[in-house]
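First comes the structure, then the notes that go with it.
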Amino acid sequence: MYKNNLKNIPVRIKSRLRKLICTPSSKPLRIAIELTNRCNLNCPFCLVGMDKERDSVAHDDMIRPFGTMEMTLVDKILKDAKGFGISEVMLTFQGEPLLHKHFVDVIRNAKRYGLKTHVFTNGLLLNPDISRLIVREGLDSMRFSVDGISEETYQLNRVGGRFEKVYQNMVEMVRIAREEKSKIELMWQFIALSNNEHEIEDARKMAKQIGIPIYIKTFAESIPGLSPKNPEYRRGLQDKPCTDIYRAVYVYWNGDVVPCCYDVDGKEIMGNIAENTLEAIWNSEKYISFRKQVDEAVSHPEKESYLCWNCQRWTLPKK
């Protein structure tokens, strides 16, 4: 209610109020861990925010080295997160997390620290045995990224995958969760695009049939030509200053810490968690300076980080 009423308030006052209302705390509540930046698919719109810099934003054209996080580093991050007061861990950043051979162990370790665990996955690497292990270890939520219900449409967006396979894996995960009387929150995420928006209503029906909620997500326009025609599915940007940087921190597979999920190339590396504590990195002069630049984006846009110029969530308010 309060956010909606901000539209009638002058920009400068609005910015200050939004900061008070939207910033949940002086430190993040969630940490995202990139177990690997490798993926079994090559989605053509993966590298969000990079469309102004390169011809291709497909996953395989990432310029960072590909790798997988060591379990010793995973445990160090989880321990740091718990000590810093973080309550939730997202086992997802770039890449497909189920490619990590110790994915189930990661869930177990996170739960040992009392952390809530969430994952986004393309779902293709699941099978009944793995799904049951994941459910039994207490994963709190799993979101399936599936953008199409015909094989032809699905493979345009999730290049290298098969819709029938991931659909069956969703069916099995719902069944197993019921059998185990699990509280896991399952969801089908469907990004609305120009090539799949005609399938959205049928996708809703299919989701209802198997008993999984469906979330129609707006498209971050990494490829403008894929934006849906229906305005209902078009993304509306929020007025800066951004408050997302206070909600979460993001860790690459090698331990580098970045402040934003759109930092796919490492433009704003705040430190390395293998070499320092999460608390020390968050309170470092570099991180504090970055947050100040973001906080003052409306009054001093010229000081904004280059990372923020092509943001697909936040924009400078209109005069």
Say whether the condition of being farther than 24 Å from LEU226 by Cα and surrounded by fewer than 17 Cβ atoms within 10 Å (Cβ to Cβ) is met by at least one residue in region 29-44. yes
Which condition number in (1) over 21 Å from VAL174 (Cα atoms); (2) outside any helix (DSSP H, G or I) is the one that THR117 fails? (1)
Looking at region 151-159, is at least one residue over 27 Å from LYS76 (Cα atoms), open to solvent by 30 Å² or more (accessible area, probe 1.4 Å) and in a strand (DSSP E or B)? no
Expected output for region 136-153 (first residue modelled with pLDDT of 95 or more, partner open to solvent by less than 10 Å² (accessible area, probe 1.4 Å) and acidic (Asp, Glu), Cβ below 8 Å, 6+ apart or cross-chain) is THR153/ASP147
Subset tally (residues that are within 16 Å of ALA248 (Cα to Cα), buried (at least 16 other Cβ atoms within 10 Å of the Cβ) and either of a type outside the set (A, V, I, L, M) or in contact with an Asp or Glu (Cβ under 6 Å, 6 or more places away or on another chain) (or both)) for region 78-105: 7
Does GLU221 meet the test of being open to solvent by 40 Å² or more (accessible area, probe 1.4 Å) and either touching a residue at least 60 places away in the same chain (Cβ under 8 Å) or of a type in the set (Gly, Ala, Ser) (or both)? yes
Condition (residue is modelled with pLDDT of 95 or more, within 28 Å of LEU237 (Cβ to Cβ), surrounded by fewer than 19 Cβ atoms within 10 Å (Cβ to Cβ) and in contact with a Lys or Arg (Cβ under 7 Å, 6 or more places away or on another chain)) applied to region 164-182: is it met by at least one residue? no
For residues that are over 17 Å from TRP309 (Cβ atoms), of a type in the set (A, V, I, L, M, F, W, C), in a loop (DSSP other than H, G, I, E, B) and open to solvent by 40 Å² or more (accessible area, probe 1.4 Å), tally how many sit in region 244-297. 3
Does ASP55 satisfy the condition of being over 17 Å from the mean Cα position of the chain (by Cα), in a loop (DSSP other than H, G, I, E, B) and of a type in the set (Asp, Glu)? yes
Here is a check on your reading of the model: is ASP105 part of a helix (DSSP H, G or I), within 20 Å of the chain's Cα centre (by Cα) and more than 20 Å from PRO28 (Cα to Cα)? no
When (1) in a loop (DSSP other than H, G, I, E, B); (2) free of Cβ contacts under 8 Å to residues at least 60 places away in the same chain are applied to GLU232, the one that fails is (1)
Enumeration of residues in region 299-319 that are at pLDDT 90 or above, more than 20 Å from VAL264 (Cβ to Cβ) and open to solvent by 40 Å² or more (accessible area, probe 1.4 Å): SER299, HIS300, PRO301, GLU302, LYS303, LEU316
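The values are calculated or read from the model by the stated rules, or taken from the named source; none is laboratory data. Being a predicted model, the structure only gives us computed values, none of them experimental. With ideal geometry, Cβ positions are generated from the backbone for all residues, glycine too; neighbour counts draw on all protein chains shown. Side chains are part of the model used for accessible areas, which takes the heavy atoms of the whole protein and leaves out ligands, DNA and RNA. Shrake-Rupley method; radii C 1.70, N 1.55, O 1.52, S 1.80 Å.
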